[in-house]
Amino acid sequence: MNSKSIKVPSSKYRLPKCRICGDYDLYTFLKLGSMPIPNGFIPQNDLDKKEFFFPLNVCVCKKCFLVSLTHVIPPEIMFKNYLYIPSTSQTVLSHFEEFSKSVYKEYSLNNKELVVDIGSNDGTLLSGFKKLGTQILGVDPAENIVKDAVSRGIPTVCEFFTSKKTKFLSSKYGKAKIICGTNVIAHIDDIHDVFEGVNNWLDDEGVFIMEAPYLMDLIEKNEFDTIYHEHLSYFSIKPLKLLFEKHNFKIIDIKKFPIHGGSIRVFVAKNNSHHKIKENVANFLIEEEAKGLHEIATYEDFALRVVKVKKNLINFVKKIRKNGKTIAGYGAAAKGNVMLNSSKINNSQIDFIVDSIKHKQGKYTPGTHIKILKEDALLKKMPDYTIILAWNFAQEIIVKNQEYIKRGGRFIIPVPNLEII
Ligand code: DWN
C-alpha cells in the first residue's frame with residue numbers, strides 16, 4: 001500500500017448475518033486483504049490523494065450456503081460515478097443481443113409490453129429490446145452513465161432500484177412484462193427489498209430474469225479475482241431458490257453461459273402465474289449438492305488453490321523481471337485490480353495497462369497506480385509479456401492482437417492456472 005492509503009477498520013461495514021436466510025453462522029474461508037474499490041481508477045492529479053482500503057474477505061452461510069463478502073461498502077461510494085460500461089466488448093454485445101432476442105421469442109413479447117432493466121448502465125441490453133419493438137425503461141444510479149444512455153434514446157430513471165421507488169414507477173409506467181437484472185443483483189445488499197420491488201412492478205404473468213456469475217464456475221475455475229467489493233453475493237441456485245420462495249416466486253428456467261467466466265441466467269415468475277417449472281431447474285440443485293457446494297471443505301480447498309494461483313503469478317512476474325523482461329497488462333478490469341492488489345503486483349513490475357474504455361485511459365489503477373493507456377500502446381511499446389487481466393475476454397483480445405504475438409509478444413492468462421500463450 002502506498003503512503004497515502006487508509007485502511008478502513010474491519011469492524012466497519014461488517015455484514016451482520018446472511019442477507020438471504022438471516023442466519024448468523026457465516027464461515028469466512030478466504031481473506032484477500034485490504035484493497036481499494038475495484039473500479040476506483042485515479043486521475044493523474046489525484047494520485048497523491050488519500051486512498052481508502054477496505055477488507056476483501058468472503059464467507060459462506062452454513063445454513064443456505066449463500067457466499068457473500070464479509071463487508072458491505074456503501075453503494076454511493078461505488079456506484080454514483082461508475083466507470084464500467086458493458087458495451088466495450090463484442091463478446092458482451094453479442095451476449096446481450098442473444099438475451100433480448102431469445103427472451104422476446106420465448107415470452108412472445110409485443111410492442112405494448114414494458115421491459116425494465118435494473119442497473120441498466122449504458123442501455124446495452126435495453127437497446128436490443130428497443131430494436132425488437134418493446135417498450136423499455138432503465139433504472140440505474142450512475143449519473144454519468146445515465147446521461148449518456150438517455151442521450152442515446154434509452155429512457156432511464158437515475159435511481160437505485162428500491163421497493164419504494166417501484167410503487168411510483170409502476171403507477172407511472174404500468175406493469176412490466178419482463179424485469180431484467182444482469183450483473184447487478186449480486187451488487188445489492190438489501191436483496192429482499194429488490195424482490196419486494198420486483199413484486200410491485202412485475203405483471204402477474206410477467207417474468208423476472210437475473211444473470212450473475214455462477215459460484216460453481218468461480219470455485220471450479222479458481223476465479224478468485226471476480227471476488228471484489230462490488231459483488232456482495234456469489235450465487236448458486238440453492239440460496240436463490242430460498243430467496244425467491246420468500247417472495248412467492250418460483251424459478252421456471254435456468255440457462256448457463258460462458259460470459260464473465262461462467263454465468264447463470266435465472267428465470268423467475270410469480271407462484272400463481274401460469275408459467276411451468278422446467279426440468280433442468282432440479283438438475284442444477286442436484287449438481288450443486290454432488291459437487292460439494294453445500295460442504296465447508298469445498299470452500300477451504302478453493303482458498304488453498306487461490307494461494308497457489310497467486311503464488312505462481314507472483315513468482316513468474318519476479319522471474320521475468322529478474323531476467324530484465326518487460327510486462328504490461330491488458331484490460332483495466334475490476335477483477336484485474338483484485339488480481340494485482342491481492343498479489344501485491346504494482347507499477348514497479350507492470351509498466352502500463354492498455355484498455356479500450358476512453359474514460360479509463362490516462363487514469364491509474366487503484367492501489368497499484370499503473371498507468372492506463374490506449375490499446376495501440378501495446379504495439380508501440382512491445383512489452384515482452386502482457387498479462388490478460390480481463391481474461392474473460394481473452395479470446396477476443398488474442399484474436400485482435402495477432403500482430404503483437406507475431407512480433408514476439410507473449411500473452412499470460414492468470415486463471416484458472418497460469419498459462420503463457
Ligand atoms: O459485474 C461486473 C462485471 C460484469 O464487469 C461489474 N461489476 C464490473 C465489471 O467487471 P470488470 O471491470 O472486470 O469488467 P470487464 O468488462 O471484464 O472489464 C474488461 C475491461 O477490459 C474493460 O475495461 C474493457 C477492457 N477491454 C479492452 O481493453 N479491450 C475489453 C476488451 C474485450 C478489449 O478488447
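The values are calculated or read from the model by the stated rules, or taken from the named source; none is laboratory data. Values in this document were obtained by computation on a predicted structure and should not be read as measured data. With ideal geometry, Cβ positions are generated from the backbone for all residues, glycine too; neighbour counts draw on all protein chains shown.
Here are the numbers:
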quantity	calculated
Given (1) outside any loop (DSSP other than H, G, I, E, B); (2) within 16 Å of the ligand (Cβ to nearest atom); (3) surrounded by fewer than 23 Cβ atoms within 10 Å (Cβ to Cβ); (4) touching a residue at least 60 places away in the same chain (Cβ under 8 Å), number of the condition Leu242 does not satisfy	(2)
Residue pairs meeting the criteria (Cβ under 8 Å; at least 6 apart or on separate chains; first surrounded by fewer than 16 Cβ atoms within 10 Å (Cβ to Cβ), in region 288-315; second assigned to a helix (DSSP H, G or I) and at pLDDT below 95)	none
Sole residue being among the β-branched types (Val, Ile, Thr) and at pLDDT below 95, chosen from Ile136, Ile154, Ile145, Ile178	Ile145
Breaking point among (1) under 26 Å from Asn183 (Cα atoms); (2) outside any loop (DSSP other than H, G, I, E, B), for Phe316	(1)
Candidates Phe235, Phe267, Phe208, Phe224 - the one that is of a type in the set (Phe, Trp, Tyr), within 23 Å of Phe160 (Cα to Cα) and either under 14 Å from the mean Cα position of the chain (by Cα) or surrounded by fewer than 19 Cβ atoms within 10 Å (Cβ to Cβ) (or both)	Phe235
Breaking point among (1) of a type in the set (Ser, Thr, Tyr); (2) closer than 30 Å to Cys61 by Cα; (3) buried (at least 23 other Cβ atoms within 10 Å of the Cβ); (4) under 23 Å from the mean Cα position of the chain (by Cα), for Thr166	(4)
Residues that are within 16 Å of the ligand (Cβ to nearest atom) and among the hydroxyl-bearing types (Ser, Thr, Tyr), drawn from region 164-199	Thr182
Qualifying residues in region 395-419 (those that are among the aliphatic types (A, V, I, L, M) and in contact (Cβ under 8 Å) with a residue 24 or more places away in the chain) - the one nearest to Lys374 (Cα to Cα)	Ile397
Residue check for Leu125: among the hydrophobic types (A, V, I, L, M, F, W, C) and either away from the ligand (no atom under 16 Å from the Cβ) or surrounded by fewer than 18 Cβ atoms within 10 Å (Cβ to Cβ) (or both)	no
Among the residues listed as Ser108, Ser34, the single one being more than 16 Å from the chain's Cα centre (by Cα), among the polar types (S, T, N, Q) and under 30 Å from Gly362 (Cα atoms)	Ser34
Pair list, Cβ < 6 Å and 6+ apart or interchain, from region 14-39 residues that are closer than 25 Å to Asn81 by Cβ and outside any loop (DSSP other than H, G, I, E, B) to residues that are among the hydrophobic types (A, V, I, L, M, F, W, C) and within 16 Å of the ligand (Cβ to nearest atom)	Leu32/Leu56; Met35/Leu56
Hits in region 36-79 (condition: touching a strand residue (DSSP E or B) at 6+ places or on another chain (Cβ under 9 Å), surrounded by fewer than 20 Cβ atoms within 10 Å (Cβ to Cβ) and charged (D, E, K, R))	Asp46, Lys49, Lys50, Lys62
Single residue of region 321-333 satisfying the filter (under 23 Å from Asp376 (Cβ atoms) and out of contact with any strand residue (DSSP E or B) (no Cβ under 7 Å at 6 or more places or on another chain)) that is surrounded by the most Cβ atoms within 10 Å (Cβ to Cβ)	Ala333
Near pairs, Cβ below 6 angstrom, 6+ apart or cross-chain, from region 327-356 (on the phi < 0 side of the Ramachandran plot and near the ligand (Cβ under 10 Å from one of its atoms)) to any residue that is in a helix (DSSP H, G or I) and of a type in the set (A, V, I, L, M)	Tyr330/Ile397; Val354/Ala377; Val354/Leu378
Evaluation of Asn272 against (1) within 13 Å of Val67 (Cα to Cα); (2) more than 18 Å from the chain's Cα centre (by Cα) (one fails), failing number	(1)
Which listed residue is closer than 27 Å to Leu218 by Cα, aromatic (Phe, Trp, Tyr) and out of contact with any Pro (no Cβ under 9 Å at 6 or more places or on another chain), from Phe79, Phe99, Phe65, Phe129	Phe99
